[in-house]
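The values are calculated or read from the model by the stated rules, or taken from the named source; none is laboratory data. Please read these numbers as outputs of a predicted model, since none were measured by experiment. When we count neighbours, we look across all protein chains shown, and the Cβ atoms used for this are built from the backbone with ideal geometry, even at glycine.
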Amino acid sequence: MPAPSCDASGEETKRMLSTSAQIRQVSASCTMGRARPCSFDDWHGSQDPVVAHEAHYPASAQGKLHSHARAQLVCATTSALDVIAGDCRWTVHPGHAAWLPGGVVHSVAGPPENTIFRSLYVRPDLAARLDGKAAVVSASPFLQDLLQRLFDIHAGHRDPALYPHLAALALDEIARAERHGEIASPRLPSPRDRRAKLICEALLDQPADRRTLEEWGKIAGASARTLERLFRDETSMSFNDWRQTCRIAAAIPKLRQGCPVKQVAWSVGYDSPSAFAATFRRVVGTNPTSAHRGH
């Protein structure tokens with residue numbers, strides 16, 4: 001890695017030096033290329049600083065609650081994932097990841113369709129230098145690419161000599177990833193089909209709209225069955241799940257501004273604060289009042 005230039009900012013210089021130190025440490029303890037682990041248990045027990053893993057999640061599968069010593073960064077790649085971590089539950093969409101410190105009891109569940117997610121398991125001594133609290137974080141395109149390259153190395157498809165450099169860069173990206181705190185605004189995947197897209201744009205503009213899928217079908221020119229299939233195929237969410245997530249996404253800015261929960265619930269289409277709170281907890285993993293405390 002080249003030395004920092006004279007005009008580099010202080011923070012950038014610290015980051016580059018930190019990455020260089022991590023590269024040296026990772027190189028010293030790396031076993032990649034000498035004795036690549038064969039099983040999942042072997043990975044967790046290896047001395048490799050980070051281990052990349054790709055899971056092909058079966059349809060409608062619900063992950064079992066479990067924990068392990070290594071910290072885990074789990075990234076949604078093809079569709080949203082439901083992640084439970086302690087008392088929190090998040091819907092993690094592509095472009096985001098869940099950071100799970102070692103020892104945290106958690107589970108990961110896929111949507112009704114088959115999906116793929118990638119994880120990076122970080123050795124406990126290195127994870128101790130990172131955030132010690134479970135959180136939803138932004139997964140930059142660079143970080144996602146690093147995970148893919150590290151997985152390719154573990155699968156034997158890339159030169160193991162690249163491992164220490166990629167591993168150190170991944171640790172640096174995790175350290176710098178934006179944390180979303182208690183409230184992570186859910187990302188809504190946009191369908192490509194013009195009929196489903198018409199409905200989504202209308203709901204984004206008026207999330208409290210209560211029209212049924214049959215009523216939307218008369219406007220969009222498609223049957224309710226066709227529209228439901230389009231939502232599942234192109235967003236990996238049912239129409240109802242998409243609309244509920246849209247409502248919660250619209251509610252979060254209002255809560256951050258200090259608006260009363262009852263008022264916010266009504267403004268986004270709920271008849272009662274309790275129904276709103278139940279959906280809010282399912283989508284973002286915490287109560288609506290947490291948005292007031294955090295801002």
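Working only within the stretch 246-288, note down all residues that are polar (S, T, N, Q) and modelled with pLDDT of 90 or more. I'd like the intermediate steps shown before the answer.
Going through the stretch 246-288, the residues polar (S, T, N, Q) turn out to be 257, 263, 267, 272, 274, 279, 286-287.
Those that are polar (S, T, N, Q) and modelled with pLDDT of 90 or more: GLN263, SER267, SER272, SER274, THR279.
Among ARG225, ARG243, ARG247, which is the only one that is without any contact (Cβ under 8 Å) to a residue 12 or more places away in the chain and either surrounded by fewer than 16 Cβ atoms within 10 Å (Cβ to Cβ) or not assigned by TED's automatic domain parsing to the domain that holds VAL137 (or both)? Steps first, answer last, please.
Numbers: ARG243 fails: without any contact (Cβ under 8 Å) to a residue 12 or more places away in the chain; ARG247 fails: without any contact (Cβ under 8 Å) to a residue 12 or more places away in the chain.
Selected residue: ARG225, the only one of ARG225, ARG243, ARG247 that is without any contact (Cβ under 8 Å) to a residue 12 or more places away in the chain and either surrounded by fewer than 16 Cβ atoms within 10 Å (Cβ to Cβ) or not assigned by TED's automatic domain parsing to the domain that holds VAL137 (or both).
Looking at the stretch 256-285 only, could you name the residues that are in a loop (DSSP other than H, G, I, E, B) and within 25 Å of ALA80 (Cβ to Cβ)? Full working, then the answer.
Here is the first cut: in the stretch 256-285, the residues in a loop (DSSP other than H, G, I, E, B) are 257-260, 268-272, 285.
Selection gives VAL268, GLY269, TYR270, GLY285.
Let's see how each residue does on (1) in contact with a helix residue (DSSP H, G or I) (Cβ under 9 Å, 6 or more places away or on another chain); (2) surrounded by 18 or more Cβ atoms within 10 Å (Cβ to Cβ); (3) hydroxyl-bearing (Ser, Thr, Tyr); (4) at positive phi:
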site: VAL137; (1), (2), (3), (4): yes, yes, no, no
site: PRO141; (1), (2), (3), (4): no, no, no, no
site: LEU147; (1), (2), (3), (4): yes, yes, no, no
site: LEU169; (1), (2), (3), (4): yes, yes, no, no
site: ASP172; (1), (2), (3), (4): yes, yes, no, no
site: ARG195; (1), (2), (3), (4): yes, no, no, no
site: ALA202; (1), (2), (3), (4): yes, no, no, no
site: ASP209; (1), (2), (3), (4): yes, no, no, no
